[in-house]
Amino acid sequence: MIVLFTDFGLEGPYTGQVKAVLSRTAPGIPVVDLFADAPAGLAKPAAYLLAAYGVWFPPGTVLLAVIDPGVGSARSPVIVEGGGRWYVGPDNGLFEIVARRAATVRSWEIQWRPEALSASFHGRDLFAPVAGQIARGGQLPGLARATEIARYSDWPDDLPEIVYIDRYGNAMTGLRAAMLPEGARLAVAERVLTRALTFSAVPPGEPFWYENSNGLAEIAVNAGRAADNLRLAIGSAVEILR
Amino acid sequence: MIVLFTDFGLEGPYTGQVKAVLSRTAPGIPVVDLFADAPAGLAKPAAYLLAAYGVWFPPGTVLLAVIDPGVGSARSPVIVEGGGRWYVGPDNGLFEIVARRAATVRSWEIQWRPEALSASFHGRDLFAPVAGQIARGGQLPGLARATEIARYSDWPDDLPEIVYIDRYGNAMTGLRAAMLPEGARLAVAERVLTRALTFSAVPPGEPFWYENSNGLAEIAVNAGRAADNLRLAIGSAVEILR
Amino acid sequence: MIVLFTDFGLEGPYTGQVKAVLSRTAPGIPVVDLFADAPAGLAKPAAYLLAAYGVWFPPGTVLLAVIDPGVGSARSPVIVEGGGRWYVGPDNGLFEIVARRAATVRSWEIQWRPEALSASFHGRDLFAPVAGQIARGGQLPGLARATEIARYSDWPDDLPEIVYIDRYGNAMTGLRAAMLPEGARLAVAERVLTRALTFSAVPPGEPFWYENSNGLAEIAVNAGRAADNLRLAIGSAVEILR
């Protein structure tokens, strides 16, 4: 299976062209849109989101992950293999958390170049053909060279910030709920929130936090829009209170 | 064919994860996104929309229908078979109109539970695997118990309210056009609208109603956005004038 | 491959129903969403967008192109074959630029009608079944009559207007970059923009134009939203300065 994690959106031409390439390169292999609205141009919050959601897929999955504000600049195109999953995309920090959490990691710089490489759309021209080849062959295509990806050792293991706001207005943090101390409360926007198990356990209108279905601490309001109510955006700080 | 009717949106992680599950459970079976923006958290208007659009699909279709504000609470997961179509989702009124209009109806409570059931995403963890199994086998999986779904007998057969606003700003009502008296006019937002056959039969800027391509009475403006012009939202009242 | 170019959106019922028809008519043939947000109801800018993006696909591709504000009126349903690609949709100018740029063009009026033809959704009822038949058979289905499509000879070869705004706020023009004089600057919204090769070659916040990945001149701001900054919309004029 090939999984797309991008900021390309679905309605415009970008994801469709990527899928057309995948359809030719890896015919018959299912392609799943995981995120088409990952934090636009922001590799850091996207890295925590990718790490939390990527591991939900079985080993062997190929994740085409493109948050690439520096397309056309010097950043390298890379392949990262961690926990048996393959990640393909730009070497700009997007794979930092995946690499840090995987038991074993290997990485390569992609040296292959297509005949026609646009300046602005490596997702279609470079990353998609490589992802398709890996998905079809179950292994690395030639023309990649083992290398270390750039590391961002000053990034925390869990990010105390909002990393994604979903269509219901729920605000995901970069914190894994399982790593938080028992009884932890989260302070955001001058409110202190306690943990609940489900939306329906909380009175309507009341903000709370809970462990979302992929393990992240997420801020929500039963029958309301937390991000609007609390004025949260990607990058808003979250403080952990014991 | 498996048809998705949800309020999950397409760009975030929810529909993608549901499709990943379906791809594993029912490989090779086409999955179609019917609505990913059905009325968020509102089972009642969604029930009229689902009934109008579900019957467009041929018998044997499996409709995975998840508008589930009470996820994690006591509402049951159910399977409804009506008119040869299978519906899978929460027992919260979403299937009331489907059941009422079908010549024959059977229903089951799903008793199977996955090994890992998140508190907030039964669409992925519970309903999708069941829908996939039905789609693959053409019959009911084990571990479901024949039951009556909860009935909402006070809901009308046709709902005189706006139930959906589409991307053109057209406002669908919960009224079947074929059930309206000949020459009926619809009053909304202090305007009285007459029926037209097509957009192009009406002067630009003029609001009217017409029978949409799935049989619902829909309020529109030629070359305009009816919902914006008339300030309509889901739940806005519609009055039938003879 | 069948490629969708429409203003239907993806989340509501329109694209899903089209895909359900294609799945029945042309089972197993990949369907790609190229644009679901092409200029709503505006055949002229859409014609330049379609011409620029259609040629990226290999010969043999079937493009189902539906921008159809006159649905239900007298405009004809047509098939255009140009450069080995098949285009199916309404005869309202949408195929003018495709036809003008192709070395050889053939066109037909679709005379076949489905048993049930809704007044407002020919994309689903008429165009999709025809596109599916062409995709499956690799040739024209019966019941179409060779004809000339309506021509719009007063439209320019390249349109000096904004034709599309993408999710990053970049504004595509209807101008092919390769047709512009060397060193050309583009004037929009009282600003004069010079050309850059990539986003990262320009200081953050600075507007510029570049050749996008499908050959159109596109107006952008590094790390910003050009359409918002410059107040551009579909139809905004662009002037070419030498």
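Structure data summary
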quantity	calculated
Breaking point among (1) in a strand (DSSP E or B); (2) more than 18 Å from B:Ser120 (Cα to Cα); (3) open to solvent by less than 30 Å² (accessible area, probe 1.4 Å), for A:Met172	(2)
Sole exception among (1) open to solvent by 40 Å² or more (accessible area, probe 1.4 Å); (2) more than 14 Å from chain A (Cβ to nearest Cβ); (3) not basic (Lys, Arg) for B:Ser73, by number	(2)
The range C:140-169, residues that are of a type outside the set (A, V, I, L, M), outside any loop (DSSP other than H, G, I, E, B) and more than 14 Å from chain A (Cβ to nearest Cβ)	C:Arg145, C:Pro160, C:Glu161
Selected residue (only one of B:Asp33, B:Asp125, B:Asp91 is open to solvent by 10 Å² or more (accessible area, probe 1.4 Å), among the acidic types (Asp, Glu) and either touching a His at 6+ places or on another chain (Cβ under 7 Å) or closer than 22 Å to B:Met172 by Cα (or both))	B:Asp33
Residue in the range A:172-194 that is under 30 Å from A:Gly16 (Cα atoms) and of a type outside the set (S, T, N, Q) present	yes
Residue in the range C:95-111 that is modelled with pLDDT of 95 or more, open to solvent by 10 Å² or more (accessible area, probe 1.4 Å), within 14 Å of chain B (Cβ to nearest Cβ) and under 15 Å from the mean Cα position of the chain (by Cα) present	no
Residue match in the range A:6-14 (condition: open to solvent by 10 Å² or more (accessible area, probe 1.4 Å) and away from chain C (no Cβ under 11 Å))	no
Members of the range C:216-225 that are in a loop (DSSP other than H, G, I, E, B) and at the interface with chain A (Cβ under 9 Å from one of its Cβ atoms)	C:Asn222, C:Ala223
Any chance C:Leu197 is in a loop (DSSP other than H, G, I, E, B) and closer than 28 Å to A:Gly16 by Cα	yes
Residue selected from the range C:214-233 under the condition open to solvent by 10 Å² or more (accessible area, probe 1.4 Å) and not aliphatic (A, V, I, L, M), by the criterion nearest to C:Gly183 (Cα to Cα)	C:Gly215
Answer residue from the range C:178-213, given it is more than 14 Å from chain A (Cβ to nearest Cβ) and of a type in the set (Asp, Glu) and is least open to solvent (accessible area, probe 1.4 Å) among those	C:Glu206
Criterion violated by A:Gly41 - all others in (1) farther than 29 Å from C:Gly12 by Cβ; (2) without any contact (Cβ under 8 Å) to a residue 60 or more places away in the chain; (3) surrounded by fewer than 23 Cβ atoms within 10 Å (Cβ to Cβ) satisfied	(1)
Residue in the range C:155-167 that is in contact with a strand residue (DSSP E or B) (Cβ under 9 Å, 6 or more places away or on another chain) and over 30 Å from C:Ser107 (Cβ atoms) present	yes
Criterion violated by A:Leu117 - all others in (1) open to solvent by less than 30 Å² (accessible area, probe 1.4 Å); (2) in contact with a helix residue (DSSP H, G or I) (Cβ under 8 Å, 6 or more places away or on another chain) satisfied	(1)
Single residue of the range B:53-69 satisfying the filter (open to solvent by 10 Å² or more (accessible area, probe 1.4 Å) and away from chain C (no Cβ under 13 Å)) that is nearest to the chain's Cα centre (by Cα)	B:Asp68
Pairs, first within 16 Å of C:Leu126 (Cβ to Cβ) in the range C:93-111, second small (Gly, Ala, Ser) and open to solvent by less than 20 Å² (accessible area, probe 1.4 Å), C-beta under 6 Å, six or more apart	C:Leu94/C:Ala43; C:Leu94/C:Ala46; C:Leu94/C:Ala47; C:Leu94/C:Ala65
The listed residue being small (Gly, Ala, Ser), more than 28 Å from A:Val78 (Cα to Cα) and touching a helix residue (DSSP H, G or I) at 6+ places or on another chain (Cβ under 7 Å), out of A:Ala184, A:Ala171, A:Ala177, A:Ala128	A:Ala171
Any hit, the range A:35-43, residues being in a strand (DSSP E or B) and at the interface with another protein chain (Cβ under 10 Å from one of its Cβ atoms)	yes
B:Gly28 out of contact with any strand residue (DSSP E or B) (no Cβ under 9 Å at 6 or more places or on another chain), open to solvent by 10 Å² or more (accessible area, probe 1.4 Å), within 14 Å of chain A (Cβ to nearest Cβ) and in contact (Cβ under 8 Å) with a residue 40 or more places away in the chain	no
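The values are calculated or read from the model by the stated rules, or taken from the named source; none is laboratory data. Since the model is a prediction, treat every value here as computed from it, not as a measurement. Because the Cβ atoms are built from the backbone with ideal geometry, glycine has one as well, and the counts that use them run over all protein chains shown. To get the accessible areas, we keep the full protein, side chains included, count just its heavy atoms, and leave off ligands, DNA and RNA. Shrake-Rupley method; radii C 1.70, N 1.55, O 1.52, S 1.80 Å.
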